[in-house]
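Single-structure report; data block below.
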Amino acid sequence: MELIFIAIGGAFGAISRYLVVRLSAQIFGTDFPYGTLIVNTLGSFILVFFMILSLEKLSIDPLWRLFIGVGFLGAFTTFSSFSYETISLFQDGEIFKGIVNIVINNLFSLTAGILGLILGRLIA
């Protein structure tokens, strides 16, 4: 049953990531991997916030934690895409953009995770 929950969550996460990346490309353009930045930042916030609430405040079935934390968010956030896009920027001679991508993905994702922790603890 765990694998089914993870697989279904992963399908929703992958579709959501695709839609966010596609929409961000339409809004912001494709000269920078904004979509990956958005999903990594948002995913970091949601995962930490959800885990704090589910472990410290709410009684959530472990299957739903697997569905959201491992399945949905595991497929929604994507460090492999971040790595590929950063390497591509370097290969294209966009060294500055590559460095900016590394810094802001890490900074935004960690900041979003901390905000998720704070908000989750405030609610819990």
Can you tell which of Phe90, Phe79, Phe67 shows the greatest fluctuation in a Gaussian network model of the chain with Cα springs below 10 Å?
Phe90
Starting from the Cα of Ala7, step 7 Å along the direction of its Cβ; do the same at Phe96; then give the gap between the two resulting points in nm.
4.8 nm
Compute the long axis of helix 34-56 from its Cα atoms, compare it with the longest principal axis of the Cα atoms of the chain, and write down the angle in degrees, 0 to 90, nearest 10.
20 degrees
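Send over the per residue convex hull volume for the stretch 2-123, Cα only, as a whole number of Å³.
Given the Cα convex hull of the stretch 2-123, per-residue volume reads 90 Å³.
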Under a Gaussian network model of the chain whose springs join Cα atoms within less than 10 Å, the largest fluctuation of Tyr34, Tyr18, Tyr84 belongs to Tyr84
Relative to the longest principal axis of the C-alpha atoms of the chain, give the angle of the C-alpha long axis of helix 79-91, reported between 0 and 90° and rounded to the nearest 10°.
10 degrees
Using helices alone, what [θ] at 222 nm do you get for the chain, with -39,500 (n - 2.57) per DSSP H run of 4 or more residues, divided over all residues and rounded to the nearest 500?
-27000 deg cm²/dmol
Would you list Leu122, Leu73, Leu53 from fewest to most Cβ contacts within 10 Å?
Leu122, Leu53, Leu73
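Every number in this text was worked out from the coordinates using simple rules, so none of it is lab data. Keep in mind the model is a prediction, meaning the values are calculated, not measured. Positions of Cβ are generated from backbone atoms using ideal geometry, with glycine treated the same way; all protein chains shown enter the neighbour counts.
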